[in-house]
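**Q** So that we are looking at the same thing, I have put the structure below in C-alpha coordinates.
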Amino acid sequence: MKPRLESTELKVYRSVNARMELEGKEKLHYSFLEKWLEGELKFDSLLERLEGEYLILKDILLDYQGNLFQIDTLIISKNTIHMFEVKNYEGDYYVDADNWFSTSGTEIKNPLSQLKRTESLFRRYLQFFRSPLKLECYLVFVNPEFTLLQAPLNELIILPTQLNRFLRNLEFPRAPLTNTPINLAKKILADPIVDSPYKRLPTYEYKQLEKGIWCCRCRSLRTHVEGRKLLICESCGVQEELESAILRSVEEFQVLFLNRKITTNAVQDWCLVVESRKGIRRVLDKHYTKIGSKKHTYFIAK
Ligand SMILES: [Zn+2]
(Lines give C-alpha, C1' and ligand atoms only; values in the text may rest on other atoms or scores of the structure.)
Protein backbone atom coordinates (compact mmCIF):
# COMPACT_ATOMS: atom_id res chain seq x y z
CA MET A 1 0.00 0.00 0.00
CA LYS A 2 2.93 2.28 0.51
CA PRO A 3 5.98 1.78 -1.68
CA ARG A 4 9.47 2.76 -0.69
CA LEU A 5 10.36 6.07 -2.27
CA GLU A 6 13.78 7.56 -2.58
CA SER A 7 13.91 10.15 0.20
CA THR A 8 14.60 13.78 -0.60
CA GLU A 9 17.65 13.45 1.57
CA LEU A 10 19.07 10.67 -0.58
CA LYS A 11 18.19 12.54 -3.78
CA VAL A 12 20.11 15.58 -2.59
CA TYR A 13 23.11 13.52 -1.53
CA ARG A 14 23.22 11.58 -4.81
CA SER A 15 23.11 14.73 -6.81
CA VAL A 16 25.64 16.66 -4.78
CA ASN A 17 27.96 13.65 -4.66
CA ALA A 18 27.92 13.44 -8.46
CA ARG A 19 28.75 17.15 -8.75
CA MET A 20 31.28 17.82 -6.03
CA GLU A 21 33.54 16.05 -3.57
CA LEU A 22 31.75 15.24 -0.31
CA GLU A 23 33.97 15.19 2.72
CA GLY A 24 34.13 13.90 6.27
CA LYS A 25 30.80 13.42 8.00
CA GLU A 26 28.77 14.18 4.88
CA LYS A 27 30.55 11.49 2.92
CA LEU A 28 29.96 8.98 5.73
CA HIS A 29 26.34 9.94 6.03
CA TYR A 30 25.85 9.54 2.28
CA SER A 31 27.33 6.07 2.25
CA PHE A 32 25.14 5.20 5.25
CA LEU A 33 22.03 6.31 3.30
CA GLU A 34 22.95 4.25 0.23
CA LYS A 35 23.71 1.23 2.39
CA TRP A 36 20.45 1.64 4.26
CA LEU A 37 18.42 1.77 1.04
CA GLU A 38 20.29 -1.22 -0.37
CA GLY A 39 19.32 -3.22 2.74
CA GLU A 40 15.69 -2.17 2.52
CA LEU A 41 15.47 -3.09 -1.17
CA LYS A 42 17.06 -6.42 -0.49
CA PHE A 43 14.49 -7.17 2.19
CA ASP A 44 11.69 -5.96 -0.13
CA SER A 45 12.78 -8.43 -2.79
CA LEU A 46 12.70 -11.29 -0.28
CA LEU A 47 9.18 -10.34 0.75
CA GLU A 48 7.98 -10.70 -2.84
CA ARG A 49 8.00 -14.46 -2.36
CA LEU A 50 5.48 -14.39 0.47
CA GLU A 51 2.11 -15.89 -0.21
CA GLY A 52 -1.34 -15.19 1.17
CA GLU A 53 -3.25 -11.99 1.77
CA TYR A 54 -1.54 -9.10 3.52
CA LEU A 55 -0.66 -5.44 3.17
CA ILE A 56 2.90 -4.13 3.12
CA LEU A 57 3.71 -0.60 4.25
CA LYS A 58 7.25 0.66 3.87
CA ASP A 59 9.11 3.61 5.41
CA ILE A 60 6.48 4.80 7.81
CA LEU A 61 7.06 7.80 10.04
CA LEU A 62 4.58 8.01 12.91
CA ASP A 63 3.93 10.30 15.80
CA TYR A 64 2.69 9.06 19.14
CA GLN A 65 2.03 12.03 21.42
CA GLY A 66 4.97 14.00 20.15
CA ASN A 67 7.33 11.03 19.95
CA LEU A 68 8.31 10.34 16.37
CA PHE A 69 9.27 6.86 15.32
CA GLN A 70 10.18 5.31 12.03
CA ILE A 71 9.22 1.85 10.87
CA ASP A 72 11.13 0.23 8.00
CA THR A 73 8.56 -2.36 7.00
CA LEU A 74 5.13 -3.40 8.26
CA ILE A 75 3.14 -6.41 7.13
CA ILE A 76 -0.47 -6.26 8.20
CA SER A 77 -2.47 -9.45 7.81
CA LYS A 78 -5.79 -10.74 9.14
CA ASN A 79 -4.81 -11.14 12.79
CA THR A 80 -1.22 -10.00 13.04
CA ILE A 81 1.07 -7.07 12.40
CA HIS A 82 4.71 -7.89 11.67
CA MET A 83 7.07 -5.00 12.22
CA PHE A 84 10.61 -5.19 10.85
CA GLU A 85 13.64 -3.11 11.62
CA VAL A 86 16.07 -3.86 8.79
CA LYS A 87 19.86 -3.59 9.12
CA ASN A 88 22.39 -3.90 6.34
CA TYR A 89 25.47 -4.14 8.57
CA GLU A 90 28.51 -5.78 7.04
CA GLY A 91 31.41 -7.45 8.82
CA ASP A 92 31.86 -8.92 12.27
CA TYR A 93 30.15 -7.54 15.34
CA TYR A 94 29.84 -8.70 18.92
CA VAL A 95 27.60 -8.01 21.84
CA ASP A 96 28.99 -7.41 25.31
CA ALA A 97 26.33 -7.03 27.96
CA ASP A 98 23.94 -4.59 26.29
CA ASN A 99 26.53 -2.97 24.10
CA TRP A 100 27.21 -3.70 20.45
CA PHE A 101 30.67 -3.36 18.92
CA SER A 102 32.27 -3.92 15.55
CA THR A 103 35.33 -6.16 15.89
CA SER A 104 37.49 -3.10 15.31
CA GLY A 105 36.20 -2.00 18.72
CA THR A 106 33.86 0.79 17.64
CA GLU A 107 30.67 0.85 19.64
CA ILE A 108 27.46 1.18 17.62
CA LYS A 109 23.97 2.13 18.70
CA ASN A 110 22.31 -0.93 20.15
CA PRO A 111 19.85 -1.90 17.39
CA LEU A 112 17.84 -4.02 19.81
CA SER A 113 17.17 -0.99 22.01
CA GLN A 114 16.11 0.95 18.92
CA LEU A 115 13.72 -1.84 18.04
CA LYS A 116 12.30 -1.87 21.56
CA ARG A 117 11.74 1.87 21.58
CA THR A 118 9.91 1.70 18.27
CA GLU A 119 7.93 -1.31 19.43
CA SER A 120 6.84 0.36 22.64
CA LEU A 121 5.68 3.52 20.87
CA PHE A 122 3.95 1.58 18.13
CA ARG A 123 2.18 -0.63 20.69
CA ARG A 124 0.78 2.46 22.41
CA TYR A 125 -0.15 3.93 19.04
CA LEU A 126 -2.11 0.76 18.24
CA GLN A 127 -3.80 0.77 21.64
CA PHE A 128 -4.90 4.32 21.02
CA PHE A 129 -6.70 3.12 17.89
CA ARG A 130 -7.96 0.05 19.82
CA SER A 131 -6.41 -2.23 17.25
CA PRO A 132 -7.15 -5.88 18.13
CA LEU A 133 -4.28 -7.18 15.97
CA LYS A 134 -1.33 -8.95 17.53
CA LEU A 135 2.03 -7.18 17.11
CA GLU A 136 5.26 -9.09 16.43
CA CYS A 137 8.55 -7.22 16.02
CA TYR A 138 11.84 -8.34 14.53
CA LEU A 139 15.33 -7.05 13.98
CA VAL A 140 16.44 -8.38 10.61
CA PHE A 141 20.03 -8.46 9.33
CA VAL A 142 19.97 -8.81 5.56
CA ASN A 143 23.63 -8.68 4.57
CA PRO A 144 25.11 -12.18 4.10
CA GLU A 145 28.54 -10.71 5.02
CA PHE A 146 27.30 -9.91 8.53
CA THR A 147 28.26 -12.02 11.53
CA LEU A 148 27.17 -11.48 15.09
CA LEU A 149 29.64 -13.10 17.43
CA GLN A 150 28.35 -14.06 20.87
CA ALA A 151 24.86 -13.39 19.59
CA PRO A 152 22.44 -13.18 22.47
CA LEU A 153 19.76 -15.86 22.29
CA ASN A 154 16.96 -13.65 21.26
CA GLU A 155 14.03 -14.59 19.13
CA LEU A 156 13.65 -11.00 17.94
CA ILE A 157 16.96 -11.12 16.08
CA ILE A 158 16.92 -12.69 12.62
CA LEU A 159 20.44 -13.27 11.30
CA PRO A 160 21.22 -13.57 7.58
CA THR A 161 21.57 -17.35 7.83
CA GLN A 162 18.10 -17.60 9.41
CA LEU A 163 16.32 -15.16 7.17
CA ASN A 164 15.09 -17.46 4.39
CA ARG A 165 13.83 -20.01 6.86
CA PHE A 166 12.14 -17.33 8.91
CA LEU A 167 10.30 -15.97 5.88
CA ARG A 168 9.31 -19.44 4.70
CA ASN A 169 7.67 -19.98 8.07
CA LEU A 170 5.66 -16.80 7.91
CA GLU A 171 2.18 -17.83 6.96
CA PHE A 172 -0.64 -15.58 6.00
CA PRO A 173 -4.26 -16.64 5.54
CA ARG A 174 -5.39 -16.82 1.94
CA ALA A 175 -8.88 -15.53 2.62
CA PRO A 176 -9.46 -11.91 1.58
CA LEU A 177 -8.57 -9.34 4.22
CA THR A 178 -11.30 -8.10 6.51
CA ASN A 179 -11.91 -4.44 7.27
CA THR A 180 -9.87 -4.38 10.47
CA PRO A 181 -6.42 -4.66 8.87
CA ILE A 182 -7.42 -2.50 5.92
CA ASN A 183 -8.74 0.29 8.12
CA LEU A 184 -5.66 0.18 10.30
CA ALA A 185 -3.41 0.57 7.26
CA LYS A 186 -5.51 3.51 6.11
CA LYS A 187 -5.21 5.15 9.52
CA ILE A 188 -1.45 4.76 9.49
CA LEU A 189 -1.17 6.23 6.03
CA ALA A 190 -3.48 9.09 6.93
CA ASP A 191 -1.04 10.33 9.54
CA PRO A 192 -0.03 13.74 8.29
CA ILE A 193 3.73 13.67 8.76
CA VAL A 194 5.30 14.10 5.36
CA ASP A 195 8.97 14.66 5.76
CA SER A 196 11.43 13.20 8.21
CA PRO A 197 12.82 15.72 10.70
CA TYR A 198 15.86 13.46 11.01
CA LYS A 199 17.24 14.37 7.64
CA ARG A 200 20.63 16.00 7.50
CA LEU A 201 21.42 17.67 4.23
CA PRO A 202 24.91 18.42 2.97
CA THR A 203 25.98 22.03 2.50
CA TYR A 204 26.41 23.19 -1.09
CA GLU A 205 26.06 26.23 -3.27
CA TYR A 206 25.08 26.48 -6.90
CA LYS A 207 28.53 27.62 -8.02
CA GLN A 208 30.28 24.73 -6.25
CA LEU A 209 28.42 22.09 -8.21
CA GLU A 210 29.70 20.81 -11.51
CA LYS A 211 27.09 21.37 -14.22
CA GLY A 212 25.90 18.83 -16.76
CA ILE A 213 23.47 15.93 -17.01
CA TRP A 214 24.47 12.83 -15.14
CA CYS A 215 24.00 9.39 -16.64
CA CYS A 216 20.82 7.66 -15.48
CA ARG A 217 22.70 4.41 -14.96
CA CYS A 218 26.17 5.17 -13.60
CA ARG A 219 25.66 8.81 -12.52
CA SER A 220 28.73 9.98 -14.38
CA LEU A 221 28.67 13.56 -15.61
CA ARG A 222 30.68 12.53 -18.68
CA THR A 223 27.74 12.68 -21.07
CA HIS A 224 27.09 14.39 -24.38
CA VAL A 225 24.17 15.03 -26.68
CA GLU A 226 24.05 13.21 -29.99
CA GLY A 227 21.81 14.59 -32.71
CA ARG A 228 18.72 16.19 -31.23
CA LYS A 229 17.26 13.40 -29.22
CA LEU A 230 19.87 11.35 -27.42
CA LEU A 231 22.10 11.68 -24.39
CA ILE A 232 25.06 9.34 -24.45
CA CYS A 233 27.15 8.37 -21.43
CA GLU A 234 30.87 8.25 -22.16
CA SER A 235 31.54 6.12 -19.09
CA CYS A 236 29.08 3.25 -19.49
CA GLY A 237 27.68 3.83 -22.98
CA VAL A 238 24.03 4.00 -21.96
CA GLN A 239 21.72 6.05 -24.22
CA GLU A 240 18.81 8.01 -22.89
CA GLU A 241 16.15 10.10 -24.60
CA LEU A 242 17.26 13.69 -24.24
CA GLU A 243 13.79 14.79 -23.22
CA SER A 244 13.68 12.47 -20.23
CA ALA A 245 17.26 13.42 -19.31
CA ILE A 246 16.34 17.12 -19.32
CA LEU A 247 13.24 16.46 -17.22
CA ARG A 248 15.30 14.50 -14.72
CA SER A 249 17.73 17.39 -14.48
CA VAL A 250 14.96 19.95 -13.96
CA GLU A 251 13.53 17.84 -11.13
CA GLU A 252 16.97 17.56 -9.61
CA PHE A 253 17.47 21.32 -9.89
CA GLN A 254 14.17 21.89 -8.08
CA VAL A 255 15.04 19.53 -5.25
CA LEU A 256 18.43 21.19 -4.77
CA PHE A 257 17.36 24.81 -5.19
CA LEU A 258 13.86 25.35 -3.88
CA ASN A 259 14.09 29.11 -4.27
CA ARG A 260 15.36 29.31 -7.83
CA LYS A 261 12.97 29.79 -10.70
CA ILE A 262 12.91 27.36 -13.58
CA THR A 263 13.74 29.35 -16.69
CA THR A 264 15.12 28.28 -20.03
CA ASN A 265 18.43 29.95 -19.17
CA ALA A 266 18.62 28.37 -15.73
CA VAL A 267 18.00 24.91 -17.15
CA GLN A 268 20.49 25.39 -19.96
CA ASP A 269 23.16 26.52 -17.52
CA TRP A 270 22.40 23.59 -15.22
CA CYS A 271 22.36 20.98 -18.02
CA LEU A 272 25.42 22.46 -19.72
CA VAL A 273 25.60 19.89 -22.53
CA VAL A 274 22.38 20.88 -24.30
CA GLU A 275 23.25 23.53 -26.86
CA SER A 276 19.78 24.03 -28.24
CA ARG A 277 17.83 26.62 -26.24
CA LYS A 278 14.84 25.75 -28.39
CA GLY A 279 15.11 22.11 -27.39
CA ILE A 280 15.03 23.00 -23.71
CA ARG A 281 12.20 25.43 -24.24
CA ARG A 282 10.17 22.77 -26.02
CA VAL A 283 10.57 20.31 -23.14
CA LEU A 284 9.59 22.94 -20.56
CA ASP A 285 6.58 24.04 -22.63
CA LYS A 286 5.41 20.49 -22.90
CA HIS A 287 5.75 19.43 -19.27
CA TYR A 288 5.44 22.63 -17.24
CA THR A 289 3.10 25.58 -16.99
CA LYS A 290 4.43 28.85 -18.33
CA ILE A 291 4.11 31.95 -16.17
CA GLY A 292 4.81 35.51 -17.35
CA SER A 293 6.11 36.51 -20.75
CA LYS A 294 9.27 37.37 -22.65
CA LYS A 295 12.25 38.06 -20.38
CA HIS A 296 10.26 37.26 -17.26
CA THR A 297 9.00 33.85 -18.30
CA TYR A 298 9.43 31.01 -15.87
CA PHE A 299 7.87 27.59 -15.41
CA ILE A 300 6.07 25.80 -12.62
CA ALA A 301 4.92 22.21 -12.23
CA LYS A 302 1.66 21.40 -14.04
ZN1 LIG B 1 26.80 5.89 -17.54
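**Q** Any residue at all in the range 276-287 that's within 16 Å of the ligand (Cβ to nearest atom), at pLDDT 95 or above and not hydroxyl-bearing (S, T, Y)?
**A** no
**Q** Could you tell me which of the residues G91, G105 is free of Cβ contacts under 8 Å to residues at least 12 places away in the same chain, more than 25 Å from S7 (Cα to Cα) and surrounded by fewer than 18 Cβ atoms within 10 Å (Cβ to Cβ)? Outline the logic, then answer.
**A** Working: G91 fails: free of Cβ contacts under 8 Å to residues at least 12 places away in the same chain.
Result of the check over G91, G105: G105.
**Q** Moving on. In the range 13-53, which residues are surrounded by 15 or more Cβ atoms within 10 Å (Cβ to Cβ), closer than 30 Å to I75 by Cα and among the hydroxyl-bearing types (S, T, Y)?
**A** Those that are surrounded by 15 or more Cβ atoms within 10 Å (Cβ to Cβ), closer than 30 Å to I75 by Cα and among the hydroxyl-bearing types (S, T, Y): Y13, Y30.
**Q** Does any residue of the range 222-232 turn out to be acidic (D, E), in contact (Cβ under 8 Å) with a residue 60 or more places away in the chain and within 16 Å of the ligand (Cβ to nearest atom)?
**A** No, every residue in the range 222-232 fails to be acidic (D, E), in contact (Cβ under 8 Å) with a residue 60 or more places away in the chain and within 16 Å of the ligand (Cβ to nearest atom).
**Q** Within the set of pairs 6 or more residues apart or between chains, which connect a residue that is modelled with pLDDT of 75 or more inside the range 183-198 to a residue that is hydroxyl-bearing (S, T, Y) with Cβ atoms less than 6 Å apart?
**A** Listed pairs, sorted by first residue: L184/S131.
**Q** Among what's in the range 236-264 and is more than 16 Å from the ligand (Cβ to nearest atom) and in a loop (DSSP other than H, G, I, E, B), pick the residue that is farthest from Y204 (Cα to Cα).
**A** So, considering only residues that are more than 16 Å from the ligand (Cβ to nearest atom) and in a loop (DSSP other than H, G, I, E, B), the one farthest from Y204 (Cα to Cα) is T263.
**Q** Next up: Report the residue count in the range 71-129 for those that are β-branched (V, I, T) and assigned to a helix (DSSP H, G or I).
**A** Residues that pass the stated criteria total 1.
The values are calculated or read from the model by the stated rules, or taken from the named source; none is laboratory data. What you see is a predicted model, and the numbers here were worked out from it, not measured in a lab. No Cβ is skipped: glycine too gets one built from the backbone with ideal geometry, and neighbour counts run over all protein chains shown.
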